[in-house]
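Okay, so here's the structure we're looking at.
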Amino acid sequence: MDVKAAVAYAAGQPLTIETVQLDGPQAGEVLIEVMATGVCHTDAFTLSGDDPEGEFPAILGHEGAGIVREVGAGVTSLKPGDHVIPLYTPECRECDYCLHPKTNLCQAIRSTQGQGLMPDGTSRFSLNGKPLLHYMGCSTFANFTVLPEIALAKVRSDAPFDKICYIGCGVTTGVGAVVFDAKVEPGSNVVVFGLGGIGLNVIQGARMVGANKIIGVDLNESKVGMAREFGMTDFINPSNTEDLIEAIQDLTNGGADYSFECIGNVNTMRQALECCHKGWGESIIIGVAGAGQEISTRPFQLVTGRVWRGTAFGGARGRTDVPKIVDWYMDGKIDIDSLITHKMPLTDINKAFDLMHAGESIRSVIEY
Ligand code: NAD
Ligand code: AHE
Ligand code: ZN
């Protein structure tokens, strides 16, 4: 079938709106109509050329919501009409990773997904007979896409697509990092580096679990108002602060119980570790850093009890946890609406990237 898509032809180039061809679902696969998709910083990261796995031409986008239109042979858990959220971290419930209690990183289809291909090693998308690559197993910058059954969370049908698409990445990553990975205890002091689409969700996750101080760190002061509405108690702009670590230690009686790096900068990753409390503070890396970049610190920081770790998709097991997060939204436990600062049609998708780079948006959502 013909579908509308924003094609990334090469790193550093704007996306091009095209009519491309999409093959139907093969065995174990599902065709969905994408109703809405968010634009995440990771899409911009891959488009910039910094992603070691970034291959072109590809159809980017990994933060969508849609409706099942057709299922391939052997699909049992979904049927046409079901509402779904695509999962870049699938949940097969059978691999060693899914069966291990300490990770959400299902590896059932990870190698082909990283190459921009479906599990059988081919692409469903093409243009003029030449294949186009999938992205993060989702490719939501197209109004129809095909995914494996294990990479779709079935969600309630009364939830609005233009809001719950954000649960496909940013909301789950931020809130989940607090709830599923760090397991932040009530009364903890939390520091959040980066008050963008991820950091604000960390803040609302920290508020939800009853954190004490929630300290935001950002260079862009225009983020402060929204961050306070989401639960930030204190703000530090590093460009006005002589010693950031000392400022955080002063606010937290010696250091953070938990810090979250939501920028993707290896220097702030180091600061996020070193602002943690001696003996027990844990720093969780969420931000994605470019090819070739490395983190460093004095090993003494870890010897003296600080813990450095990371999280993907907030530690959520998608088919199990994403429907619950949709319920949290529908029950008013988390706010998504205020974070969606811009909406636009697919034809304007490059504006979403411009707004993100200018620091003017939290989330832009494309509605098909
Ligand atoms: P964003 O652009 O919305 O937010 C980034 C924020 O960081 C902005 O407010 C910006 O002003 C601030 N910032 C930039 N440089 C800074 C600095 N040196 N010091 C202080 N603040 C600074 O991006 P986002 O969508 O929130 O994504 C954040 C990061 O998380 C990205 O690297 C993205 O790729 C990554 N991410 C990771 C996962 C995961 O599963 N691990 C999921 C989604 C996104
Ligand atoms: N492909 C990159 C890394 C990109 C990355 O870290 N992706 C995160 C999700 S970001 C969502 O916005 C992730 O889930 N990683 C785990 C995984 O298995 O991809 C690289 O460096 O190669
Ligand atoms: Zn993302």
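Taking DSSP loops as anything outside H, G, I, E and B, show the longest stretch in the chain free of trypsin sites (Lys or Arg not before Pro) there with at most 13 other beta carbons within 10 Å.
On the way: sites that count: Arg93, Lys102, Arg156, Lys183, Lys278, Lys333.
Result, exposed sites excluded: 184-277.
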*So, in nm, how far is label Ala11 from label Ser239 when the simple model puts each one 7 Å beyond its Cα toward the Cβ?*
2.8
*Return the loop-located chymotrypsin sites (Phe, Trp or Tyr not before Pro) in segment 263-327 (DSSP other than H, G, I, E, B) with at most 13 other Cβ atoms within 10 Å of their own Cβ; answer none if there are none.*
Trp280
*Among Glu282, Glu70, Glu185, which comes first, then next, by fewest other beta-carbon atoms within 10 Å?*
Glu185, Glu70, Glu282
*Cα→Cβ-extended label distance, 7 Å offset, between Lys324 and Asn253, nm*: 3.0
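Can you pull out the GluC sites (Glu not before Pro) in segment 78-157 that DSSP calls coil and that have at most 16 other Cβ atoms within 10 Å?
Working: sites: Glu91, Glu94, Glu149; in loops: Glu91, Glu94.
When the GluC sites (Glu not before Pro) of segment 78-157 are filtered for loop state and at most 16 Cβ neighbours within 10 Å, Glu94 remain.
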*Top of Ser188, Ser239, Ser48 by mean-square fluctuation, Gaussian network on the chain, Cα under 10 Å*: Ser239
*List, in the order given, every pair from Lys79/Lys163; Lys4/Lys223; Lys130/Lys154 whose Cα-Cα distance in the structure shown is over 30 Å.*
Lys4/Lys223; Lys130/Lys154
*Pairs of Cα atoms under 8 Å, at least six residues apart: use those to get the relative contact order of the chain, whole percent.*
18
*FRET efficiency for Asp354 and Lys154, Cβ-Cβ distance as r, R0 = 25 Å, nearest 0.05?*
0.15
_Loop-located GluC sites (Glu not before Pro) in segment 196-277 whose Cβ has at most 12 other Cβ within 10 Å (DSSP)_ = Glu242
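Using helices alone, I'd like the mean residue ellipticity at 222 nm for the chain: each DSSP H run of four-plus residues gives -39500 (n - 2.57), total over residue count, nearest 500.
Numbers: 12 runs with 89 residues, N = 368.
When only DSSP H runs of four or more count, the value is -6000 deg cm²/dmol.
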*Length gain on complete extension for the stretch His100 to Asp331, per 0.36 nm per residue less the alpha carbon to alpha carbon distance?*
80.1 nm
_segment 171-312 - charge dipole about Cα centre, Lys and Arg +1 at Cβ, Asp and Glu -1, debye rounded to 20_ = 320
*Paramagnetic reach from Thr341 in segment 164-194 [backbone N under 15 Å; point 7 Å along Cα→Cβ]*: 194
_Selected from Gly64, Gly72, Gly196 as most flexible by GNM, with the chain as the system and alpha-carbon contacts under 10 Å_ = Gly72
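Bear in mind that the values in this text are calculations on the coordinates, not laboratory data. Every value quoted in this text rests on a predicted model; they were computed, and no experiment measured them. Heads up, the Cβs are rebuilt from the backbone with ideal geometry, glycines too, and the neighbour counts pull from every protein chain shown.
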